[in-house]
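To keep things clear, I will list the structure first and then write my remarks on it.
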Amino acid sequence: MDGFVLRRLRENAGVQAAAGEYAGKPAIDHDVRHSNAKIAFPSAIQTVVVGQKNYNQDGSQRTRTWRLRWETFSLKSSGGAAALGDAIVAALEPEADFGEARFGRGFLVFERSGGTEDVGELTIFRRIYDMEITATY
C-alpha cells in the first residue's frame, strides 16, 4: 500500500507546490533522501512503522491499516518542512479512490520536531509526522 500512498502524494497539487524536486518528481521517496542539492528541498522520506492485515470471522480481508511516517526536511528554517508535512496530511486525510486502491480517511497520529543536522555547509531542519491510513486494494 505504501507505493499507492507515495504515488498519491506525488500527484497531489498541494504536495507538488510544497516539495522540492528530485529526478523530475516531488522529492518524496521510500526510506532515503536522495539528494542534498538545494532544489531537492523541502523533501520527505516515507517509511512504514506498522502494517497490518484486518481480519473478520472468515479470515483476512483486502483492507489493511497502516501507520506510515514522513520525515520532512528543509533548509534555513523548519517552515518548509512543516509546510510539506501539512500538505502531506491534507492530501491523505480525505477518502479517495486512487488507482486500484480505495482509501479511508487518514488520521494524523502525531507530529513533532525532529531537530537539525549539519551536512557539509547545509543545516537541515526536520519534522516528523505519523498517520494511520486504511485502504482496500
Query raised in the report: Does the range 84-93 contain any residue that is in a helix (DSSP H, G or I) and touching an Asp or Glu at 6+ places or on another chain (Cβ under 7 Å)?
Result: yes
Query raised in the report: Do you know which residues across the range 91-127 are basic (Lys, Arg) and under 17 Å from ARG69 (Cβ atoms)?
Result: ARG112, ARG126, ARG127
**Report entry** Restricting the range 94-108 to residues that are open to solvent by 70 Å² or more (accessible area, probe 1.4 Å) and assigned to a strand (DSSP E or B), the residue that is nearest to PRO42 (Cα to Cα)
**Finding:** LEU108
**Report entry** Residues satisfying the stated conditions in the range 109-137, i.e. among the acidic types (Asp, Glu), in contact with a Phe, Trp or Tyr (Cβ under 9 Å, 6 or more places away or on another chain) and either without any contact (Cβ under 8 Å) to a residue 40 or more places away in the chain or part of a helix (DSSP H, G or I) (or both)
**Finding:** GLU111, GLU117
Query raised in the report: How many of the residues in the range 36-59 are part of a strand (DSSP E or B) and within 21 Å of GLY3 (Cα to Cα)?
Result: 12
Query raised in the report: Before we move on, is ASP31 at pLDDT below 95 and farther than 21 Å from ARG127 by Cβ?
Result: no
Requested in this report: With respect to SER74, determine if the residue is assigned to a strand (DSSP E or B) and exposed (fewer than 11 other Cβ atoms within 10 Å of the Cβ).
Outcome: no
Query raised in the report: Based on what the data block shows, is THR65 open to solvent by less than 50 Å² (accessible area, probe 1.4 Å) and either at pLDDT below 95 or of a type in the set (Phe, Trp, Tyr) (or both)?
Result: yes
Query raised in the report: Counting just the residues of the range 15-62 that are under 14 Å from the mean Cα position of the chain (by Cα) and of a type in the set (Ser, Thr, Tyr), which one comes out most open to solvent (accessible area, probe 1.4 Å)?
Result: THR47
**Report entry** Filter result (open to solvent by 70 Å² or more (accessible area, probe 1.4 Å), within 16 Å of the chain's Cα centre (by Cα) and over 16 Å from ALA81 (Cα atoms)) within the range 109-137
**Finding:** GLU132
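The values are calculated or read from the model by the stated rules, or taken from the named source; none is laboratory data. Remember, it's a predicted structure, so these values are computed and weren't measured experimentally. Using ideal geometry, Cβ is built from the backbone for each residue, glycine included, and neighbour counts are taken over all protein chains shown. Surface accessibility is based on the protein's heavy atoms, side chains included, excluding ligands, DNA and RNA. Shrake-Rupley method; radii C 1.70, N 1.55, O 1.52, S 1.80 Å.
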